[in-house]
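Undergrad: Pasting a structure here, questions to come.
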Amino acid sequence: HNKERGRKMSSIIAALLKHIKEVHDINETCKTVEKAKIFGLKQKAKQIFNACYDEYQQSQQVVNSFVAISNQHTELQIMLGEAAYYTESYALCREIIERYFQLSPQMDQFFIRAKLLLALLIAYES
């Protein structure tokens, strides 16, 4: 009776191990699919950011004064910098933030966001 019980227990353990392996395999597949989706979304975000940045650059040339457009749209400056950072366009992010600070901006919430963004850049670059 004990041998039969032992075999039953072994088969239950074997079945559990099989199911746990299936769960593990499904989890790994999900991670792969998730990574692929994330990569695709990051690429799409980068394309959108690049198009926005190009349009922003053109708008500066049309206005013919970086200071005029930047002083009127400080939030745009910060959001562009944040978008550049999130799309891993670190050089553009630094350029945008440095331009922002060259304007002697007001010390408001945008200034704080710019400082936080600069801190993220410095951490990334170090």
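The values are calculated or read from the model by the stated rules, or taken from the named source; none is laboratory data. Keep in mind that this is a model prediction, so the values were computed, not measured. Cβ atoms come from the backbone with ideal geometry, glycine included; neighbour counts cover every protein chain shown. Ligands, DNA and RNA are excluded from the accessible area calculation, which covers all protein heavy atoms including side chains. Shrake-Rupley method; radii C 1.70, N 1.55, O 1.52, S 1.80 Å.
Undergrad: Take segment 69-113 and flag every residue that is in contact with a Pro (Cβ under 7 Å, 6 or more places away or on another chain) and either aromatic (Phe, Trp, Tyr) or modelled with pLDDT of 85 or more (or both). Outline the logic, then answer.
TA: Restricting attention to segment 69-113, the residues satisfying the condition of being in contact with a Pro (Cβ under 7 Å, 6 or more places away or on another chain) are 74, 111.
Result: Phe111, single match.
Undergrad: Pairs under 9 Å by beta carbon, first residue farther than 13 Å from Met79 by Cα in segment 98-126, partner at pLDDT below 90 and among the aliphatic types (A, V, I, L, M), six or more apart or different chains?
TA: Leu103/Val67
Every residue, every condition in (1) over 14 Å from the mean Cα position of the chain (by Cα); (2) open to solvent by less than 80 Å² (accessible area, probe 1.4 Å); (3) within 30 Å of Leu76 (Cβ to Cβ), yes or no:
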position	(1), (2), (3)
Ser11	yes, yes, no
Ala14	yes, yes, no
His19	yes, no, no
Asp25	yes, yes, no
Lys46	no, yes, yes
Tyr53	yes, yes, yes
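Undergrad: Filter segment 91-126 for residues that are among the hydroxyl-bearing types (Ser, Thr, Tyr) and over 22 Å from Asn50 (Cα atoms) and give the result.
TA: Within segment 91-126, Ser104, Ser126 qualify.
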